[in-house]
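I have placed the structure first, in the form of structure tokens, so that the comments after it can refer back to it.
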There are 2 protein chains.
Amino acid sequence: MYKLTYFDITALGEPIRLILTYGKMEFEDNRVTFEEWPMVKLNMPFGQVPVLEHDGKVMNQSLAICRYLAKLTKLDGSSDWENLEIDAAAETISDLRTKIGLFYYEKDSLVKEAKKKEVFEEILPFYLEKIEAQIQKNEGHLACKKLTWADFYLIGILDYVNMMLDVDLAEKYPGIKIIQDKLLDIDDIKNWFDEHPRMERKKE
Amino acid sequence: MYKLTYFDITALGEPIRLILTYGKMEFEDNRVTFEEWPMVKLNMPFGQVPVLEHDGKVMNQSLAICRYLAKLTKLDGSSDWENLEIDAAAETISDLRTKIGLFYYEKDSLVKEAKKKEVFEEILPFYLEKIEAQIQKNEGHLACKKLTWADFYLIGILDYVNMMLDVDLAEKYPGIKIIQDKLLDIDDIKNWFDEHPRMERKKE
């Protein structure tokens, strides 16, 4: 049995939870409160979560964990080049998420305003135009014209990204909506989403 | 034959070049000048390099490319969990490189000074203590107690990281020195280093 340690939010833990759920792999969904975190942090490799434990072994890094579980649940590619394609797609989504985080977590309000402008006027249009074209080329997926862990990674972190941007990217970008709908068509994933809260965007 | 497109520097292109060299895989080492870059950028997926081309296919993301080539050159793990261990190690090194880059590329000089302090007083000691322990546990490697592409990734980006920090991490950290020495013990790698310039640190 696997144990996943993360905060009681979606964000970087959610793609892992979705892949485990898709694979019908039982797991302990260990959610650390922010009060518990300082103590838990001391025992985490590189002081970070998500962390996956199995058979007495402990491993960090969310993309690496997703890739590992994807192989077990057949969400990986069927050739080395396909895996490269999937990895590149997931890492590009992760890059975009990091860039959005640099705006969202900026503490200086003037700098934050400038970064927000850059995110909305440059970064998002640049990435999303290419991502949408990629989804179209891949017939409603991020890579390999089929369901892979890159799709799970995107939809797993989507509400976290939406929360940071205070927009719903699936509403604005039809390719993302298609992937989201495809995942929601999977009963286990639909049930997971019904039973676990998403992150809230600001009330308007 | 593979074609690697990157700038005429080491940085994120170098781990890929080292893995190709280790695997005795012939490749076109396409080095774009900064003058050519604006035009080349338009044809690169997500406007970034390094980019690997093969058989008419084009792929971005340096970690993904390293992982792909590592599989072909037997620098990957011998089980799914070993690959997770290698991926996590390489992604942790990449995280550290990103954090150092956030200081190095900061434009505001006051903010840069504060970030520099954080890098030298918090981030580096925190990461390097854990990385050194990891190298010791893995008998002179980053993962799996054997030579893997994580070692190539670390040593490939090392002089770029050293340049940003203006220190030689291999001098300060014996574990990193051990991995560097092991790579330099490989004739093809030694020759590559002899024939290709490293990035210069500031003259003192």
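The values are calculated or read from the model by the stated rules, or taken from the named source; none is laboratory data. For clarity, every value in this text was computed on a predicted model and none was experimentally measured. FYI the Cβ positions are ideal-geometry reconstructions off the backbone, even for glycines, and counts take in every protein chain you see.
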Does A:I65 satisfy the condition of being part of a helix (DSSP H, G or I), in contact with a Phe, Trp or Tyr (Cβ under 6 Å, 6 or more places away or on another chain) and modelled with pLDDT of 95 or more? no
Given (1) on the phi > 0 side of the Ramachandran plot; (2) surrounded by fewer than 15 Cβ atoms within 10 Å (Cβ to Cβ), identify the lone condition not met by A:K117. (1)
Screening B:I123, B:I135, B:I100 for residues that are under 17 Å from A:M44 (Cβ atoms) and of a type in the set (V, I, T) leaves only B:I123
Residue count, the stretch B:25-68, condition over 15 Å from B:D8 (Cα atoms) and touching a Pro at 6+ places or on another chain (Cβ under 9 Å), comes to 8
Kindly evaluate B:D151 against the criterion of being under 15 Å from the mean Cα position of the chain (by Cα), assigned to a helix (DSSP H, G or I), at pLDDT 95 or above and of a type in the set (D, E). yes
Taking the stretch B:94-114 and keeping residues more than 30 Å from A:D55 (Cβ to Cβ) and within 12 Å of chain A (Cβ to nearest Cβ) leaves B:T98, B:K99, B:G101, B:L102, B:Y105, B:E106, B:K107, B:D108, B:L110, B:V111, B:A114
With without any contact (Cβ under 8 Å) to a residue 24 or more places away in the chain, of a type in the set (A, V, I, L, M, F, W, C) and away from chain A (no Cβ under 11 Å) as the only criterion, which of B:M25, B:M39, B:M1 stands out? B:M39
Please work out if B:N162 is more than 14 Å from chain A (Cβ to nearest Cβ), loosely packed, with under 14 Cβ neighbours inside 10 Å and not in a loop (DSSP other than H, G, I, E, B). no
Pair list, Cβ < 8 Å and 6+ apart or interchain, from the stretch A:119-138 residues that are modelled with pLDDT of 95 or more to residues that are small (G, A, S): A:F126/B:G47; A:I131/A:G175; A:E132/A:G175; A:Q134/A:A89; A:Q134/A:A143; A:Q134/A:G175; A:I135/A:G175; A:Q136/A:G175
Can you work out which of the residues in the stretch B:24-49 that are of a type in the set (F, W, Y) and closer than 15 Å to B:L4 by Cα is surrounded by the fewest Cβ atoms within 10 Å (Cβ to Cβ)? B:W37
Restricted to the stretch A:65-93 and to residues being of a type in the set (A, V, I, L, M) and in contact with a strand residue (DSSP E or B) (Cβ under 9 Å, 6 or more places away or on another chain), the residue farthest from the other protein chains (Cβ to nearest Cβ) is A:L69
